[in-house]
Amino acid sequence: MNNLTIKDAREKLTKKEISSVELTKHYLTIVKTYNEKLNAFLTISEKEALEQAESADKRIGEGDSTPLLGIPLALKDIYVTKGIKTTAASKVLEEYIPQYDGTAVMLLKNAGAVILGKTNLDAWAHGSSGENSDFGPTKNPYNTAFVPGGSSSGSPVTVASEMALAASGTDTGGSIRLPASFCNVVGLKPTYGRVSRYGVIAMSSSLDSIGHFTKTVEDNAMYLQVTAGSDPHDATTPPVAVPNYTKNIAKGVKGLRIGVPKEYFIEGLDPRIKKMIEDALKVYEKLGAEIIEVSLPHTSYAIEVYYIVQTAEVSSNLARYDGIRFGKDRSHFGDEAKRRIMLGTYVLSAGYYDAFYKKAMQVRTLLKQDFDKAFKTVDVIIAPVSPTIPWKLGDKADDPLAMYLSDIFTVHANLVGVPGLAIPVGFIDSLPVGMQIFGPHFSEEKLYQVGFAYEAVNPVWKERPNL
Amino acid sequence: MKINISHVAKLANLPLLDSEKQKFETQLSSILDYIAKLNEVDTSNVKDTSQVTGLENILREDKPLPSLSQKDALFQAKTTHNGFFAVKGIFENE
């Protein structure tokens, strides 16, 4: 069972070498063994998981073989789950039990996936390290003195430490790609609108992207096959056809034009990470791709635009938590939520709107034009995910601005809506490092081909933590 | 850049302790100084972008669909009255 992928598990299930109930019990045992050490799960839904596994076994017996049937996975605790506590890792929602399932959850359930429980996060998905959780930080399984990245902190840890075969996340400014790269797993931030946001607690509605973590690129594609598509409950999901993401995944990269944005290889980027990305580009060159330098000239302003647009939308989305219909009152918000609510309120308030919010929306246009222009000459763009390797728990806790700057390479994709796939490329000081691959809107199929080609040459994912 | 924390907290309906106000004022002022860097960018004749999908006026037929029962909708509320949410009066004399 070590290093089992979704693909392997599906084969074993189809051949009846193992049942979904056995698989589920196996993962629940690992969860119980390591969760205290890693704090990855906030809620374990054992009873429901075993029921779902039983019903998956029944479907397997009837010859059903949908991609996630009988596969145990975990959900970031910001996905609304009917009858199962959903906290957003905030004291405000400590006792909240939703009356319905979000669209992604419903699609996963309909596909026969088994939901083991809900994973830890920075409260309301506000953070880059997992330390803003009101229920204690998640630990990096490769070294528990270090952060796993955030805001989806628990989910990549469950995959890395083999507590689940896959886990869901949300990426508003890097919250999937950053923790994926810190935990040696594959993480997808889909195109804005590719996966429905309905029933995922809203952080910043024009940026929130609903994605997931897996061990391998192919597993990641199998998961997206289930969650992607238009949803009448989310008016921002366009009716763009969903391709078969695994069919041509081994197509290779011969003739592919890979852009390398010079603005991402700046002072402040750890030179060891820079070297690792350059080595990855050499792998692609050997495989027949063409490496082309591109420019995204407004990159250095992305973080400023992000912390205006995002906090403005946060202040609006969190206005609904008044403790009347559900949840506790507003005195229960933690420090980071308070900071973002106030910053957002300020940039939207009379006298400051034009100077901050309107200005940010205009620069957002320029950021989008940068990407549009680059994709006229290249098929995909490759960049580092984080300027640094994972840091020690507590290192940035008292300096919100330093924490914000760790998103410097990830927020750009959210502001322009393009998809980004983070994949592992190696280790520095025994801690994981990742790179990200961007493509035009709705190019997830291409991103998987590009990620798959690298992973086949350099399967870094096989290096599991020693717990 | 100086931020009036008490005013902003009032606008956002956030109860803050006096000790918190000082801390947030320092933190938010330094963040605002940082993001003010945007003023360097020339945005004359640049249009706003508030969404990136290009979708406009997504409408649907106005027809009732199954939704939460009154009981389900209310079950997380702290106070209810005759099958409704109970809230505090919004006018001072109530």
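For the reader, a short list of remarks on this structure follows.
- One residue stands out among those in the stretch A:116-131 that are farther than 27 Å from A:L343 by Cα and out of contact with any helix residue (DSSP H, G or I) (no Cβ under 6 Å at 6 or more places or on another chain): the one that is surrounded by the most Cβ atoms within 10 Å (Cβ to Cβ), which is A:G117.
- Test for A:I382: is it farther than 26 Å from B:I3 by Cβ and assigned to a loop (DSSP other than H, G, I, E, B): no
- Residue satisfying all of: in the stretch A:86-115; touching a Gly at 6+ places or on another chain (Cβ under 9 Å) and among the small types (G, A, S); surrounded by the most Cβ atoms within 10 Å (Cβ to Cβ) among these: A:A89
- Pairs, first over 16 Å from A:K282 (Cβ atoms) and within 14 Å of another protein chain (Cβ to nearest Cβ) in the stretch A:238-258, second aromatic (F, W, Y) and in a loop (DSSP other than H, G, I, E, B), C-beta under 8 Å, six or more apart: A:V240/A:F442
- Those residues of the stretch A:209-242 which are in a helix (DSSP H, G or I) and of a type in the set (S, T, Y), in sequence order: A:Y223, A:T227
- All positions within the stretch A:412-432 that are within 14 Å of chain B (Cβ to nearest Cβ), under 22 Å from A:V217 (Cα atoms) and among the hydrophobic types (A, V, I, L, M, F, W, C): A:A413, A:V418
- Taking first residues from the stretch A:377-400 that are under 30 Å from A:I258 (Cβ atoms) and partners that are in a strand (DSSP E or B) and aromatic (F, W, Y), the Cβ contacts under 9 Å between residues at least 6 apart in sequence or on separate chains come to A:V380/A:F438; A:I381/A:F438; A:I382/A:F438; A:A383/A:F438; A:I389/A:F146; A:I389/A:F427; A:P390/A:F146; A:W391/A:F146.
- Applying the condition of being touching a helix residue (DSSP H, G or I) at 6+ places or on another chain (Cβ under 9 Å), more than 25 Å from A:G417 (Cα to Cα) and assigned to a loop (DSSP other than H, G, I, E, B) to the stretch A:332-378 and asking which residue is farthest from the other protein chains (Cβ to nearest Cβ) yields A:G334.
- Just one residue in the set A:V242, A:V185, A:V159 is out of contact with any helix residue (DSSP H, G or I) (no Cβ under 7 Å at 6 or more places or on another chain) and buried (at least 24 other Cβ atoms within 10 Å of the Cβ); that residue is A:V159.
- Meets criteria (of a type in the set (S, T, N, Q), closer than 25 Å to A:N244 by Cα and at pLDDT below 95) for A:T5: no
- Of the residues B:S29, B:S6, the single one that is on the phi < 0 side of the Ramachandran plot, exposed (fewer than 13 other Cβ atoms within 10 Å of the Cβ), more than 7 Å from chain A (Cβ to nearest Cβ) and not in a loop (DSSP other than H, G, I, E, B) is B:S6.
- When A:S175, A:S155, A:S168, A:S205 are checked against the criterion of being part of a loop (DSSP other than H, G, I, E, B) and within 23 Å of A:Y100 (Cβ to Cβ), A:S205 stands alone in meeting it.
- Entry remark, the stretch A:73-121: residues being within 27 Å of A:N132 (Cα to Cα) and touching a strand residue (DSSP E or B) at 6+ places or on another chain (Cβ under 8 Å) number 28 in total.
- Meets criteria (more than 7 Å from chain A (Cβ to nearest Cβ), assigned to a helix (DSSP H, G or I) and without any contact (Cβ under 8 Å) to a residue 40 or more places away in the chain) for B:Q22: yes
- Some residue of the stretch A:310-318 being within 14 Å of chain B (Cβ to nearest Cβ) and of a type in the set (D, E): yes
The values are calculated or read from the model by the stated rules, or taken from the named source; none is laboratory data. Model, not experiment: these values are computed from the prediction. All Cβ positions, glycine included, derive from the backbone under ideal geometry; neighbour counts span all protein chains shown.
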